[in-house]
1. Return a yes/no flag: does the stretch 148-166 have any residue that is modelled with pLDDT under 95, surrounded by fewer than 15 Cβ atoms within 10 Å (Cβ to Cβ) and among the hydrophobic types (A, V, I, L, M, F, W, C).
2. Check T8 against each of (1) of a type in the set (S, T, N, Q); (2) modelled with pLDDT under 65; (3) more than 22 Å from the chain's Cα centre (by Cα) and name the one condition it does not meet.
3. I'd like the full set of residues that are of a type in the set (S, T, N, Q), touching a strand residue (DSSP E or B) at 6+ places or on another chain (Cβ under 6 Å) and outside any strand (DSSP E or B), limited to the stretch 68-99.
4. Does the stretch 77-94 include one or more residues that are open to solvent by less than 20 Å² (accessible area, probe 1.4 Å) and under 12 Å from T157 (Cα atoms)?
5. Filter the stretch 103-113 for residues that are of a type outside the set (S, T, Y) and outside any loop (DSSP other than H, G, I, E, B); which is surrounded by the fewest Cβ atoms within 10 Å (Cβ to Cβ)?
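The values are calculated or read from the model by the stated rules, or taken from the named source; none is laboratory data. Keep in mind that what you see is a predicted model, and the values were worked out from it rather than measured. Every residue, glycine among them, receives a Cβ derived from its backbone with ideal geometry; neighbour counts consider all protein chains shown. Calculation scope for accessible area: heavy atoms of the full protein, side chains included, ligands and nucleic acids excluded. Shrake-Rupley method; radii C 1.70, N 1.55, O 1.52, S 1.80 Å.
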Amino acid sequence: GTNGTTGTLTCTANPTNATGGVANFAGCSVTPASANQYCLLASSPGIASTGATDACFSVTAVSTANSSVNANPNNVPADGVSTSTITVTVNDTLGNPVVNKTISLTAGSGASVITTVQGVTDGNGVATFTVTDTTVQNVTYTAKDTTDGSITIGTATVTFSSTTTTLLLALPSA
């Protein structure tokens, strides 16, 4: 890497069907993943290295300041059926989406039901959950990036409100 930074590139699988001098790797990560620029040099047993840089990239850390947790709607009936969608958007220090981060969502109190719709951030850095409850209460949900330990991304509060309706009748006067 540059600036005296080195790291180890680890991939989940070796490339297959490398043709025309091109090998594609999948599921790769750099350890340690610090906010630095890394350059990859290609080498292979039996082939002399030219020292040419093939690819450079920057690794930036998850930024809680640039990430968000939102509930929509933030007020739903406590009927066990109506849902609020919790959207967790994870960005890096440069405001870029961070992909492939496993996100957990926990309720601070109560007995609401959390359903994971997409628990790993997509190409837009987004993970989504739905929540429902049968108890009238406010519930604060906390989203954490569990890929990198337990980084708290943020919180969102949902108000589960009463489903009873009051009907007022006006009686004619005598």
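1. No, that holds for no residue.
2. With (1) of a type in the set (S, T, N, Q); (2) modelled with pLDDT under 65; (3) more than 22 Å from the chain's Cα centre (by Cα) applied to T8, the lone miss is (2).
3. N74, S82, T83, T93, listed by residue number.
4. Yes, because at least one residue in the stretch 77-94 is open to solvent by less than 20 Å² (accessible area, probe 1.4 Å) and under 12 Å from T157 (Cα atoms).
5. It comes out as V113.
For (1) modelled with pLDDT of 95 or more; (2) over 26 Å from V22 (Cβ atoms); (3) touching a helix residue (DSSP H, G or I) at 6+ places or on another chain (Cβ under 8 Å); (4) open to solvent by 50 Å² or more (accessible area, probe 1.4 Å), each residue gets a yes or a no:
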residue: S43; (1), (2), (3), (4): no, no, no, yes
residue: G46; (1), (2), (3), (4): no, no, no, yes
residue: D54; (1), (2), (3), (4): no, no, no, yes
residue: V62; (1), (2), (3), (4): no, yes, no, no
residue: K101; (1), (2), (3), (4): no, yes, no, no
residue: T115; (1), (2), (3), (4): yes, yes, no, yes
residue: A127; (1), (2), (3), (4): yes, yes, no, no
